[in-house]
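The values are calculated or read from the model by the stated rules, or taken from the named source; none is laboratory data. Predicted model, so just to flag it, every value in this text is computed and none were measured. Positions of Cβ are backbone-derived with ideal geometry, glycine not excepted, and every protein chain shown enters the neighbour counts. Accessible surface areas use protein heavy atoms only, side chains included; no ligands, DNA or RNA. Shrake-Rupley method; radii C 1.70, N 1.55, O 1.52, S 1.80 Å.
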Amino acid sequence: MAAADDRTGRPVPTGGPGRPRRAGTTRSVLARALRPLACAMAVTCLSLYPAVNGSTAPADASRPGAPPRTGRGTLVLRADRLVLRGARFHGTATVHTATGSVRTLRLTVRSLDAVDLDLTAGRGRAALRLRARPETTATVRGLGADGVVTLYVRKLSGRVTGLGGGRLPAHRTVTVTPGAVPRWLAHPATRTRTITLVSATVTQVVQRGGRLSIKGAQLRAAAR
């Protein structure tokens, strides 16, 4: 008798007539089949919570705001125009990854708008690339009671075109890193502001609390 997948009700291949495949092998087949779907969901929902000891709960859930531990690869976001609404800089934080500790910028935003979104998650042959329909705006909005998205960013680059009505920097093409934080971002008198950049690239380690809305999403292997 063939085993069935509880999610689909479809038969799972067996080891041949009269030789049902062992449970462990069946689970392995299902895991391989579902892995691409799980990766796709992780990218399209921006649910990049790290797994801790085999669980899927957010790391440091008992200590809100604590830097996460993550074994996942980096995520790189590119956009023709990027708008960080209600952005606030919270200093730097160290994120622990599978390849070592990484120093990051810690930012919170109410929402993030990306025109012509191009998102890559992971590295090498395992990397996935998500692209929005051309000339559309993808939006990441905060979830939960506080309604904010927390970003742990390794590098933010682009041309600054708006600082919520504030004075623009003399050098508008910027590369912001934990070792090079401009005054307009870190100024203590500015709690939150809307930051707009064009030709923007954001290299993240991980983010928390966001849900992505995107039109005409195309998901494929990044190496293609």
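Taking all protein chains together and a probe of 1.4 Å, list THR194, THR161 from the most accessible to the least accessible. Let's see the in-between values first.
Details: THR194 40, THR161 70 Å².
Result, largest first: THR161, THR194.
Taking a sphere under 15 Å around the Cβ of SER157 and counting the other residues whose Cβ falls inside, with K and R at +1 and D and E at -1, yields a net charge of +4.
Nonpolar atom fraction for segment 159-224, defined as the carbon and sulfur part of the 1.4 Å probe accessible area, stands at 48 percent.
Ligands, DNA and RNA excluded, the heavy atoms of ARG220 present near 70 Å² of accessible surface to a 1.4 Å solvent probe. The Kirkwood hydrodynamic radius of segment 129-195, based on inverse pair distances between different Cα atoms, is 14.5 Å.
Taking only protein heavy atoms and a 1.4 Å probe, what accessible area per residue, in Å², does segment 72-187 have with all protein chains in place? Can you show the working numbers first?
Numbers: 5910 Å² over 116 residues.
Result: 51 Å² per residue.
Exposure check, 1.4 Å probe, all protein chains in place: LEU151 carries approximately 10 Å² of accessible surface.
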